[in-house]
1. Which listed residue (Pro171, Ser97, Ala130) has the Cα farthest towards the positive end of the charge dipole for the stretch 4-174, taking +1 on Lys and Arg C-beta and -1 on Asp and Glu C-beta about the Cα centre?
2. Quick one: dipole size for the stretch 224-333, taken about the Cα centre, charges +1 on Lys/Arg Cβ and -1 on Asp/Glu Cβ, in debye to the nearest 20.
3. Could you tell me what percent of the DSSP beta bridges with both partners in the chain are antiparallel, to the nearest 5?
4. In the stretch 4-174, how does Rg compare with the Kirkwood Rh, expressed as the Rg/Rh ratio over alpha carbon atoms?
5. Which value, in debye to the nearest 20, describes the size of the charge dipole of the chain about its Cα centre when Lys and Arg Cβ atoms bear +1, Asp and Glu Cβ atoms bear -1, and nothing else is charged?
6. Show me, for the stretch 53-61, the HN-Hα J-couplings you get by feeding each phi into the Karplus relation (A = 6.51, B = -1.76, C = 1.60, θ = phi - 60°), rounded to Hz, glycine and proline as x.
7. With point charges of +1 on the Cβ of Lys and Arg and -1 on the Cβ of Asp and Glu, referenced to the Cα centre of the chain, which listed residue (Leu181, Ala117, Gly85) lies farthest in the positive direction of the dipole?
8. I'd like the orientation of helix 300-310 relative to the chain: the angle between its Cα long axis and the longest Cα principal axis, in ° from 0 to 90, rounded to 10.
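The values are calculated or read from the model by the stated rules, or taken from the named source; none is laboratory data. Bear in mind the structure is a predicted one, so any value in this text is a computation, not a measurement. For neighbour counting, all protein chains shown are included, and Cβ atoms are generated from backbone atoms with ideal geometry for every residue, glycine included. Accessible surface areas use protein heavy atoms only, side chains included; no ligands, DNA or RNA. Shrake-Rupley method; radii C 1.70, N 1.55, O 1.52, S 1.80 Å.
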Amino acid sequence: MDRRATAVAHPNIALIKYWGKRDEQLMIPYADSLSMTLDIFPTTTTVRIDSGAPADEVVLDGSPAGGERRQRVVTFLDLLRQLAGRTERAHVDTRNSVPTGAGLASSASGFAALALAGAAAYGLDLDATALSRLARRGSVSASRSVFGGFAICHAGPGAGAAADLGSYAEPVPVAPFDVALVVAIVDAGPKAVSSREGMRRTVRTSPLYPSWVASGRADLAEMRTALLRGDLDAVGEIAERNALGMHATMLAARPAVRYLAPVTVAVLDSVLRLRADGVGAYATMDAGPNVKVLCRRADADRVADTLRDVAPGCAVVVAGPGPAAAPDPGSRP
Ligand code: PMV
């Protein structure tokens, strides 16, 4: 029987970033990373096995996907088929509620949803660890979106099969704490340099890269204790310096990789002003100009209003911790 499965996954934002892969084939990062899954911008993906189809078909937000986007999905389906010992092609339908490729973590929610729906459709019975390992093969950040709340992705030791086994995500213990992430969408267009290319160039050419990886280790240890204490200000401070350090390594690449736009810097200034006014607000940015500001839920409206003032015309959305990737309750096998 041709099976179908649908899954929903949410993006996550790394508070401790990874940037750079030591194995691009197996998608093994150089550094551990730690993130919060969001309760906004879900991706819904349906995988339908089509035993009569000569090739995989990939539909992204209602239109057939081509080029690199389609290829990444087909490569992922090849991996699923290899793991399941199957050969049938599939039809994949993915809907993002946020623009794809704009530094808003659509690859995290996208590959987490594809891993879950694809594994179910091809009849693979995987626990959450195995699922996160699988999602990592689509996009390292996707391994973390398998889980809700806060999750760490281990870079793992070694190379080859040992590294593949050792690199997976798992939930991180946190004290219950009141946290919001205010997302300012400065530019929803596709980025000029893909994160894959940006990472490659940074690893190969940035003289700051090794020291950023080393300082990330210390940031991660401090972040874990700050989360256990539920200390929003410490979490924010560590996240902000870790993100700025990542952008510094990229700026030192040759040629420089720069995702930060003038509006990004204006938003960063406004975050400093909020702090000077006594509001615990801390910024983080990924491979794009958008800024995500961590703060207390009670301060989220004030932070959002400030960002709207400083970045007129930009969409500003308030998020909280979101759920784990899950089968869509409405879907039928
Ligand atoms: O794994 P990707 O290709 O989605 O890249 C994620 C890169 C960063 O968002 C900048 C860092 C991270 O750890 O999520």
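1. Among Pro171, Ser97, Ala130, the one farthest towards the positive end of the dipole of the stretch 4-174 is Ser97.
2. Numbers: 13 positive and 12 negative charges, 59 e Å.
Roughly 280 debye, rounded to the nearest 20.
3. Numbers: 45 of 49 bridges.
Roughly 90 percent of the DSSP beta bridges within the chain come out antiparallel.
4. Details: Rg = 14.9 Å, Rh = 15.7 Å.
We get a ratio of 0.95 for the stretch 4-174.
5. Working: 36 positive and 34 negative charges, 145 e Å.
Its charge dipole is roughly 700 debye.
6. 7, x, 8, 5, 10, 10, 10, 10, 6
7. Gly85
8. 80
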